[in-house]
Amino acid sequence: MPLQTDGMVVRNGRIKSLYFMLGIYCPPIANQIKPGQFVMLKVSDNASPLLRRPFSVYKSYPVSHPEGRKRGHLFILYKKVGKGTQRMATWRKGQKVNLIGPLGNGFALPPLPSSAHCILIGGGVGVVSLYPLAEALRSRKCFVFIGGKTQNDILCVEDFRKLDSTIFTATEDGSLGFQGTVIDLFLSRAKKFKGNEKYHIYACGPAPMLRALAGTVTSRKFICQVSLEARMGCGFGACWGCVVKTKHPKTPYQRVCQEGPVFRLEDIVWE
Ligand SMILES: Cc1cc2nc3c(=O)[nH]c(=O)nc-3n(C[C@H](O)[C@H](O)[C@H](O)COP(=O)(O)OP(=O)(O)OC[C@H]3O[C@@H](n4cnc5c(N)ncnc54)[C@H](O)[C@@H]3O)c2cc1C
Ligand code: FES
């Protein structure tokens, strides 16, 4: 059940270039949040910016977590892009922050055999929502593809490495790893994923990246879930400002905040 509650900033600082890590003490949400779900943060007490801003939760620690000092905390990794995130970057330790969450349907995690192969593909800040998923998939073999425009946009590599994932990186300017998009990189490695096994792909990133993925994974051996980014008004299904066109005959327009943000790749109409 989503709830609206106050939390307290425990950490907020630049991790590199335009990227910041925000830690919030908020046990009710830290206890409930699942991989791929998000929160809506109130970024201002004034009328501007009026709307809350949506953010995936990068890490969360329920109150039952064995490490006492982490209990009840959640972490958001954000990029400073506009008015709201500029305000967030000024927040200081001890500050009160109001949030609504957990919101949306996260990644579906059907019971997978331990032999299942999982492929995680993240573009830019899209990789944030894939990290808790990789933690949940820990006992399985995970191939993680991380892309960005430059090496400054390649995020979370060290954390994925700690989970023993196999990591591939791509930058559009070639400053780190493969030169090209993360989907080009995935394609270049696709022959690695042969045989009769089924591969479970989980992807998150900007729409052009996911559209390119849809054009790539046509084989039935790939079962693919994607987490969509959309501009959001309310974040909980009331305003219909975040709809996406799908192939569902009865409900072709679905709300990214409510029915999503995670959808089956094949269900989306990529216009
Ligand atoms: C479910 C979900 C999870 C998200 N998780 C994260 C996250 O973990 N980390 C993170 O940094 N960002 C995340 N975002 C994007 C984040 O919500 C926006 O970057 C933020 O709202 C921008 O607010 P702003 O006021 O700083 O920018 P604005 O002034 O509102 O906009 C600045 C620029 O950013 C673009 N923009 C704003 N919002 C979005 C959006 N939702 N999608 C695409 N472009 C946008 C605008 O078109 C504009 O060019 C997520 C978005 C969604 C929908
Ligand atoms: S943001 Fe209001 S319905 Fe999705």
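What the table below lists for this structure:
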| read-out | value |
| --- | --- |
| Helix 207-216 axis, angle to the chain major axis (alpha carbon atoms, nearest 10°) | 20 degrees |
| Most to least accessible of W240, W270, W91 (protein chains only, probe 1.4 Å) | W240, W270, W91 |
| Highest average packing first - 68-74, 99-105, Cβ atoms within 10 Å | 99-105, 68-74 |
| Over the chain: helical MRE at 222 nm, DSSP H runs n ≥ 4 each giving -39500 (n - 2.57), nearest 500 | -4000 deg cm²/dmol |
| Spacing of the two label points (7 Å from each Cα toward its C-beta) at S219 and S115, in nm | 1.8 nm |
| Segment D6-K93, extension gain: residue separation times 0.36 nm, minus the distance between their alpha carbons | 29.9 nm |
| Sorted largest first, extent of the chain alpha carbons per principal axis (Å) | 53, 44, 38 |
| Nearest-0.05 FRET efficiency for M21 and K149, computed from C-beta distance (R0 30 Å) | 0.90 |
| Three-way shape call for region 124-170 based on the alpha-carbon gyration tensor, with the a/c threshold at 1.5 | prolate |
| Cα pair distances in region 26-148, grouped into 5 Å bins until the bin that holds the longest one, percent each | 2, 10, 17, 21, 19, 16, 8, 4, 2, 1, 0 |
| Potential lengthening between R211 and S48 on full extension [0.36 nm per residue; Cα-Cα distance subtracted] | 55.4 nm |
| Kirkwood-type radius of region 127-263, with distances r between different C-alpha atoms, in Å | 16.3 Å |
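The values are calculated or read from the model by the stated rules, or taken from the named source; none is laboratory data. All values reported here derive from a predicted model rather than from experimental measurement. Don't worry about glycine lacking a Cβ; one is built from the backbone with ideal geometry, like all the others, and counts go over all protein chains shown. For accessibility, only protein heavy atoms count, side chains too; no ligands or nucleic acids. Shrake-Rupley method; radii C 1.70, N 1.55, O 1.52, S 1.80 Å.
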